[in-house]
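The values are calculated or read from the model by the stated rules, or taken from the named source; none is laboratory data. Given the structure is predicted, the values throughout are model-derived calculations rather than measurements. Neighbour counts run over all protein chains shown; Cβ positions are idealised from the backbone, glycine included. Accessible surface is based on the protein model in full, side chains and every heavy atom, while ligands, DNA and RNA are left aside. Shrake-Rupley method; radii C 1.70, N 1.55, O 1.52, S 1.80 Å.
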Amino acid sequence: MTTHPPATLAQALANAQTGGLARLDAQMLLLLALDRPPHDRAWLLTHDTDPLDGATARRFTTLVQRRQAGEPLAYLTGVKEFHGLSLQVDRRVLDPRPDTETLVQWAIDALDLQASAPAPAGAQPHRRVIDLGTGSGAIALAVKHARREAEVMAVDVSADALAVASANAERLGLAVHFLQSSWLQSASGRFDVIASNPPYVAAGDPHLTALTHEPFQALVSGPDGLDDIRRILQQAPDHLNPGGWLLLEHGWDQAVSVRKLLGRAGFEKVQSRRDLAGIERCSGGQWPPDAPAAAC
């Protein structure tokens, strides 16, 4: 049987890109196959003529095939950069998207706004924020990293997700309190900011075929994708300080609907923020500052 000499690193990358893989993805997967750090792309450039041994070539081919089949790069590498943090992720949680950083920044801005205002009667002495449906912990950990003085709680109904999130918190040295709950059902006290990236894909949406590697329950929310947002809106007023903010990520075409739901629920200053592509990706509103503090 005729054997072919191992391809060089450069040839392996070129073959993967010819097969439709993005250059960055190919580089990350080759580093993984080589058991090198994921940020060591400069090393690849200086060793592009190095040969690939057979075992490494086979590992790289398998990784490329999985990526071409739609598996998120973060699941293959086990790592995702988000808002300056390196998170460990796997199939138990959604792959954090860069667009969700829009929600994180809004939560930070809302906390800063609350910190500059006089505390309403009955409010907690420390600014409190809660992340609903935390998954990998991305939102909660990013907010805590940016505002260390804030008290941050992260909620998820999935014990598997909480295991991933709490491991990320411990590794990053960020003190976040984790709670297993269906949205705010088991939460106590009131918060200055409630932030959530809930499931918002409509059942039967054709885009779901490209998301089969991610947890279904973290994606789909009823016929119009808004069932979980409605549940959060029902629960949020009893857990917000007067003047507190509810901030929600949603689908690319749901901003108008979510703003209407926020207005009907009694929120003020209802507005949306755009993601990196200029799409209205998050909507939120302020609970009236003169509203009586709810008993929790």
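The table below lists the values:
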item: Region 158-296: radius of gyration and largest Cα-Cα distance (Dmax), Å; result: 15.9, 46
item: Share of pairwise Cα separations in region 64-120, more than 20 Å, in percent; result: 44 percent
item: For peptides 144-157, 11-24, 203-216, sequence by mean Cβ density within 10 Å, most packed first; result: 144-157, 11-24, 203-216
item: Relative contact order of region 1-114, pairs being alpha-carbon contacts under 8 Å that are 6 or more residues apart, as %; result: 22 percent
item: Net charge, Gln65 excluded, C-beta distance under 14 Å - Lys, Arg +1, Asp, Glu -1; result: +2
item: Candidate lysines - alpha carbon under 29 Å from Lys269, same-chain residues fewer than 8 apart omitted; result: Lys144, Lys260
item: Protein-only accessible surface order, largest first, of Ser283, Ser257 at 1.4 Å; result: Ser257, Ser283
item: Cα-based helix-to-principal-axis angle, 255-264 vs the chain, degrees rounded to 10; result: 20 degrees
item: Per residue, the convex hull volume that the Cα atoms of the chain enclose (Å³); result: 141 Å³
item: Overall dimensions of region 139-219 by Cα: Rg and Dmax, Å; result: 14.4, 43
item: Local electrostatic count at Thr102 - Lys and Arg +1, Asp and Glu -1, tallied over other residues with Cβ under 13 Å; result: -2
item: 12 Å Cα-Cα reach of Lys80 towards aspartates and glutamates, excluding residues that sit fewer than 8 places from it in its own chain; result: Asp90, Asp95
item: If the convex hull is drawn through the Cα atoms of region 1-108, its volume per residue in Å³; result: 119 Å³
item: Placed amide H near Asn241: partners under 5 Å, 5+ positions off or other chain; result: Phe191, Asp192
item: Cα-based helix-to-principal-axis angle, 54-68 vs the chain, degrees rounded to 10; result: 40 degrees
item: Summed residue charge, Cβ within 14 Å of Ala142's Cβ, Lys/Arg positive, Asp/Glu negative; result: -1
